[in-house]
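Asks: Sending over a structure as structure tokens; questions will come in a sec.
The values are calculated or read from the model by the stated rules, or taken from the named source; none is laboratory data. Computed from a prediction, not measured in an experiment: that's the story for all the values here. Cβ atoms come from the backbone with ideal geometry, glycine included; neighbour counts cover every protein chain shown. The protein model used for the area step is the full one, side chains on, heavy atoms only, and it has no ligands, DNA or RNA in it. Shrake-Rupley method; radii C 1.70, N 1.55, O 1.52, S 1.80 Å.
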Amino acid sequence: MLISLKGQVALVTGASSGLGAGAARGLAACGAAVVVNYHSQPEPAQNLVDEIRAAGGQAIAVGADVSKEDEVDKLLAATLKAFGRLDILIANSGLQKDAPITELSLEDWNTVINVNLTGQFLCARAALRQFAKQEIRPDISRALGKIIHMSSVHQVIPWAGHVNYAASKGGVDLLMRSIAQEVGEQRIRVNSIAPGAIRTAINTKATSGDAEKDLLKLIPYGRVGEAQDVANAVVWLASDASDYVHGATLFIDGGMSLYPEFRNNG
Ligand code: NAD
């Protein structure tokens with residue numbers, strides 16, 4: 001099936017790098033106009049916009065901190081000013097501040113929760129408020145709007161030394177499913193993607209050299225993921241090809257969440 005997102009507007013947070021950049025590229029390649037949100041790096045965001053435009057697509061770059069209510073409001077305003085509507089939100093921004101629990105500062109706890117969980121709440125709420133002002137356009141999609149939360153395998157796999165991150169992603173799971181339960185009858189689809197180990201800036205150490213060999217022991221499919229693996233899933237979940245998928249988490253992890261330690265009888 002060929003996927004077309006023509007006529008639709010997608011907002012991707014944290015799109016100046018990694019999975020967000022991959023998602024923005026994938027959505028633009030299917031015809032969506034894309035808002036490339038960045039936090040602190042305007043240059044890569046603008047480069048991505050230039051790349052999308054050079055390929056014949058539509059895109060703008062907009063700076064905003066997703067953990068700040070007023071900045072998220074401005075992000076939505078910029079989206080509407082440029083493209084007049086919003087159809088797809090990819091709530092992707094996220095970060096890690098790792099430390100053993102006894103050394104984890106309140107500041108680092110708060111930073112991770114504020115970006116990874118509160119940021120997803122603020123962006124989803126802003127998108128839902130906008131969807132409510134729009135009508136379903138059957139010519140572009142069967143849904144009034146689509147939200148995809150970027151979660152992690154750590155919404156189910158506990159992660160020692162990363163309790164703030166794991167707690168934030170566990171929170172994203174119930175945030176997503178509760179929103180999905182609340183807004184489904186408005187024909188708004190809400191889902192999550194839970195990546196495993198994907199080669200991006202967030203995990204450069206874990207995906208290179210000897211560390212990669214250890215990491216591969218945790219991946220039954222035997223390879224580290226690439227941003228394209230996640231982008232493919234984003235595009236599908238954003239399209240009508242997944243129109244009956246709602247409140248689901250799609251694990252893109254080469255089987256990392258299959259408890260591979262048990263593959264040789266535990
Ligand atoms: P990344 O570091 O390349 O991307 C994270 C993005 O979030 C960056 O562009 C960063 O600028 C942005 N960001 C950080 N704070 C922000 C803020 N306050 N406001 C707006 N944007 C902000 O890493 P990535 O791997 O592409 O991560 C993207 C998402 O995927 C994250 O939510 C991460 O938790 C999730 N994830 C990644 C992996 C992986 O293996 N790469 C695995 C599971 C989940």
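Asks: Does segment 65-189 come out rounded, prolate or oblate by the C-alpha gyration tensor, with a ≥ b ≥ c the root eigenvalues, rounded set by a/c under 1.5 and, if not, prolate when a/b is larger than b/c and oblate if not?
Replies: prolate
Asks: Just to verify a number: what accessible area does HIS39 come out at with the full protein assembly present, 1.4 Å probe, Å² rounded to tens?
Replies: Accessible surface of HIS39 is approximately 130 Å².
Asks: Size of the dipole of segment 9-253 about the Cα centre, Lys and Arg at +1 and Asp and Glu at -1 on the beta carbon, nothing else charged, in debye to 20?
Replies: Charge dipole, segment 9-253, about its Cα centre: 500 debye, nearest 20.
Asks: Still on this structure: Enumerate the whole-percent occupancy of each 5 Å bin, from 0 to the last occupied one, for all C-alpha pair distances of segment 9-253.
Replies: Percent of pairs per bin, in order: 1, 7, 14, 19, 21, 17, 11, 6, 3, 1, 0.
Asks: Follow-up question, since we're still on this one. Counting other Cβ atoms within 10 Å, keep those with at most 14, restrict to DSSP loop, and tell me which GluC sites (Glu not before Pro) in segment 66-139 are left.
Replies: Qualifying residues, ordered by number: GLU135.
Asks: For the chain, modelled as a GNM with alpha-carbon contacts under 10 angstrom, which of ILE148, ILE219, ILE193 fluctuates the most?
Replies: ILE219
Asks: While we're on this one: Hey, what's the Kirkwood Rh for segment 1-121 if you take every pair of different alpha carbons, in angstrom?
Replies: 14.8
Asks: Applying a 10 Å radius around every beta-carbon, put 93-99, 168-174 in order of their mean neighbour count, most first.
Replies: Top to bottom by mean Cβ count within 10 Å: 168-174, 93-99.
Asks: Helix-derived [θ] at 222 nm for the chain: sum -39500 (n - 2.57) over DSSP H runs of at least 4, divide by residue count, nearest 500?
Replies: -12000 deg cm²/dmol
Asks: On the accessible surface of segment 1-61, probed at 1.4 Å, how many percent belong to carbon and sulfur atoms?
Replies: Exposed carbon and sulfur together represent 51 percent of the surface.
Asks: Work from the charge dipole of the chain (Cβ charges, +1 for Lys and Arg, -1 for Asp and Glu, about the Cα centre) and give the residue of ALA197, ILE136, ALA227 farthest towards its positive end.
Replies: ILE136
Asks: Related question: Given Cα positions, please report Rg to Rh for segment 118-196, the hydrodynamic radius being the Kirkwood one.
Replies: Rg divided by Rh gives 1.06.
Asks: Sticking with this one: Which helices pass in the chain if a helix is a full DSSP H run, must span at least 24 angstrom along its long axis by Cα, and must have mean Kyte-Doolittle hydropathy not below -1.0?
Replies: Those that pass (Cα extent of 24 Å or more, hydropathy at least -1.0) are 163-183.
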